[in-house]
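Quick notes on the structure that follows.
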Amino acid sequence: MHAPIRHRGPDGERFLVWDGSEALASDTAGELRGKPGVVGLAFRRLKIIDLSERAAQPMRSARSGVWVVFNGEIYNFRKLRDELRRAGHEFNSESDTEVVLAAYNEWGSECFRRLHGMWAIALLDPARRRVVLSRDRLAIKPLYWAVDGDAFLFASEIRQILAATGRAAANVALLSRYLRGNRLPCYDETFFEGIRSVPAASLAELSLDGPSEWSPRFQQYWTLRDTVARPVNANSVAQYQSVREEFEDLLRDVVRTHQQSDVRLGSLLSGGLDSGVLAALLSESTSDSLPTFSFGFRERAPRWCELPYVDAIVRTRPNLEHHETTLDPEWLAANARRVMRTLEEPPLALPALAQYRVFELCKEHGVTVVLDGEGSDEVLAGYAPYQRALLIDFARDVRLGRLLGELHAIARRQGRSSPGVLFDFFGAPLLRRFRRHSYAWLNGSRVAGESIDYSRDRSLVNRMLYDATRWGNVKIVLSYTDKNAMAHSVEARVPYMDHRIVEYAFSLPAEFKVGNGDRKRILRDIGRTLLPPAVTERKDRMGFATPDNILISGRFADLVREAIRDPSFVSLPLFEQQALAQFVDDYDRGRHDDVRAIWRLFAVAAWRDEFSVTM
């Protein structure tokens, strides 16, 4: 289980076996081979906070004998350490890991409510004969589990569990949903049957004296449902301004805490609002050069390129040390299967591979920690459907004046007519539904995602944001970000996913997040004081997009065709062979342009091959 993830921690390793009465730790696995054990732990270290060996893991508490392995960062560890010192705890290192141990000694499993950060934590508590697992509030850091006979397995990556069980079987229901282009909603299942994620904001206490049949009970220690709405008038300009200033102060504090590092730190910079604000705040906090990393298509596909907006930001911030890269069919032909193995699932689209390339660039320039703008769209309403939802909210409440005013503001912001905006919001989705492929080449009935809405908010905007954060796109992008970054021994930090930001955003009325014709209204108004108008007022907001038809060409297109025409793939029970062959042939002849479906077929074929998956 330890061997496959050297990339997650090339700076050190350590092992532990506990036999029920005594723990034996070693820097080499060979010393422990053959030792009888009830619990085994292995850890790979990426040095970020306290580079000394005093911060090595597994780490033991001299006070209680508790052991910990911990992946992530606790951003308030210095504040907690001061509090724990006053309570009588002593510290031997400058690490946040030791603070986790002391917090558990002081508060038990209640300690996780006090931690601010991202984490996957396992604690071996010999005195209470239990193992405690915990994952951070937004599931930023990965933690998987499975049961294999009488063994309970947990790991940072799925491949570690596969290494222990020796088998990989497909979750066919999820795979079928994926092939139709629908990955949502995201529960705690994976594409591998029998392997699950530890739920976000949860902990489990596993008794080492219990029955051999493992059935962990995960308890939530935090939920977004309990966020209390702020008593503000959504129509008050003065109250909006006050909230905007308060939110900016909070964002600055979050970025400051996310800068904690004893190694080189940088920032991703896409040319959009989210990463631009982070880079600007980082730039203001230091006189040193700040490495930034971008991706785009200057010559190959300028219509899909955001680099001119990156250029505009860099020109206004002289201390930004800028680096950029791109993606082409040659790189994809050489690396697509490697990325599939990194992500441990078939990604929905090519931007996931572009992200891998950006983190590869970070590694090439010696940066170990980067700030990333992921999650802002899902908590601050960055997509067009949230504007549509706001109009629906106004119509439901018979606020026709607000509805017409907002519609005109959106049209003015986009340089379009109001009827054109209305068609985009309400007419175009209906047309797309009628034009959607039937996917007759897939066997079995359509597997639909269950509709879930646990939000108590009356606003459709806020309910949609809740679902996106709890069950939606947030879970996908955070998983891709962690795995793509850690594949290059880079730690990605996501300030917009700090639970303080998320709680604050969800306490606000919908009109503070989407309104006046703007998406991410409150963040955009902050950005207007930090970024050039070319960025804050741009109309071609494309997100992290790729020109798929251009990229799936040349040698890479040949590899795609070869994979999805392979008889061993086409003959899988998932497919109606003749219909699939016709679908692929129609694409090659230009009879349809569903390049995303072609990509998904290739992704499944590559994922199946990389992990030797049975179906």
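The values are calculated or read from the model by the stated rules, or taken from the named source; none is laboratory data. Since we're looking at a predicted model, the values are computed, not measured. No Cβ is skipped: glycine too gets one built from the backbone with ideal geometry, and neighbour counts run over all protein chains shown. For accessibility, only protein heavy atoms count, side chains too; no ligands or nucleic acids. Shrake-Rupley method; radii C 1.70, N 1.55, O 1.52, S 1.80 Å.
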**Message:** Show me the strands (runs of 3 or more DSSP E) entirely contained within the stretch 1-94 in which 3 or more residues are closer than 30 Å to residue 485 by Cβ.
**Reply:** 13-18, 39-44, 67-74
**Prompt:** Are any of the residues in the stretch 319-328 touching a residue at least 40 places away in the same chain (Cβ under 8 Å) and open to solvent by less than 10 Å² (accessible area, probe 1.4 Å)?
**Reply:** yes
**Complete:** Scanning the stretch 585-615 for residues that are part of a loop (DSSP other than H, G, I, E, B) and of a type outside the set (Lys, Arg) gives 590, 592, 593, 594, 612, 613, 615
**Fill in**
Note on the stretch 551-577: residues under 30 Å from the mean Cα position of the chain (by Cα), buried (at least 16 other Cβ atoms within 10 Å of the Cβ) and either on the phi > 0 side of the Ramachandran plot or touching a residue at least 60 places away in the same chain (Cβ under 8 Å) (or both) are 551, 552, 556, 557, 559, 574
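Which ones in the stretch 108-136 are part of a strand (DSSP E or B) and of a type in the set (A, V, I, L, M)? Step through it out loud before you land on a result.
Pass one, the stretch 108-136, residues part of a strand (DSSP E or B): 117-125, 130-135.
118, 120, 121, 122, 123, 124, 131, 132, 133, listed by residue number.
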**Asked** Among (1) at pLDDT 75 or above; (2) in contact with a helix residue (DSSP H, G or I) (Cβ under 9 Å, 6 or more places away or on another chain); (3) surrounded by 12 or more Cβ atoms within 10 Å (Cβ to Cβ), where does residue 401 come up short?
**Response** (3)
**Request:** Would you mind telling me which numbered condition in (1) over 21 Å from residue 91 (Cβ atoms); (2) open to solvent by 50 Å² or more (accessible area, probe 1.4 Å); (3) not aromatic (Phe, Trp, Tyr) residue 60 fails?
**Result:** (1)
**Asked** Residues in the stretch 338-353: is at least one in contact with a strand residue (DSSP E or B) (Cβ under 9 Å, 6 or more places away or on another chain) and either closer than 20 Å to residue 508 by Cβ or modelled with pLDDT of 95 or more (or both)?
**Response** yes
**Asked** How many residues does the stretch 138-165 hold that are of a type in the set (Lys, Arg) and open to solvent by 20 Å² or more (accessible area, probe 1.4 Å)?
**Response** 1
**Message:** Tell me whether the stretch 294-311 contains one or more residues that are modelled with pLDDT of 95 or more and either in a loop (DSSP other than H, G, I, E, B) or farther than 19 Å from residue 536 by Cα (or both).
**Reply:** no
**Complete:** If we keep only residues of the stretch 424-452 that are open to solvent by 100 Å² or more (accessible area, probe 1.4 Å) and part of a helix (DSSP H, G or I), then the residue modelled with the highest pLDDT is 432
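Is it the case, given these coordinates, that residue 385 is surrounded by fewer than 18 Cβ atoms within 10 Å (Cβ to Cβ), out of contact with any strand residue (DSSP E or B) (no Cβ under 9 Å at 6 or more places or on another chain) and either outside any loop (DSSP other than H, G, I, E, B) or modelled with pLDDT of 95 or more (or both)?
On the way: surrounded by fewer than 18 Cβ atoms within 10 Å (Cβ to Cβ): yes; out of contact with any strand residue (DSSP E or B) (no Cβ under 9 Å at 6 or more places or on another chain): yes; either outside any loop (DSSP other than H, G, I, E, B) or modelled with pLDDT of 95 or more (or both): yes.
Yes; evaluated as a whole, the condition is true for this residue.
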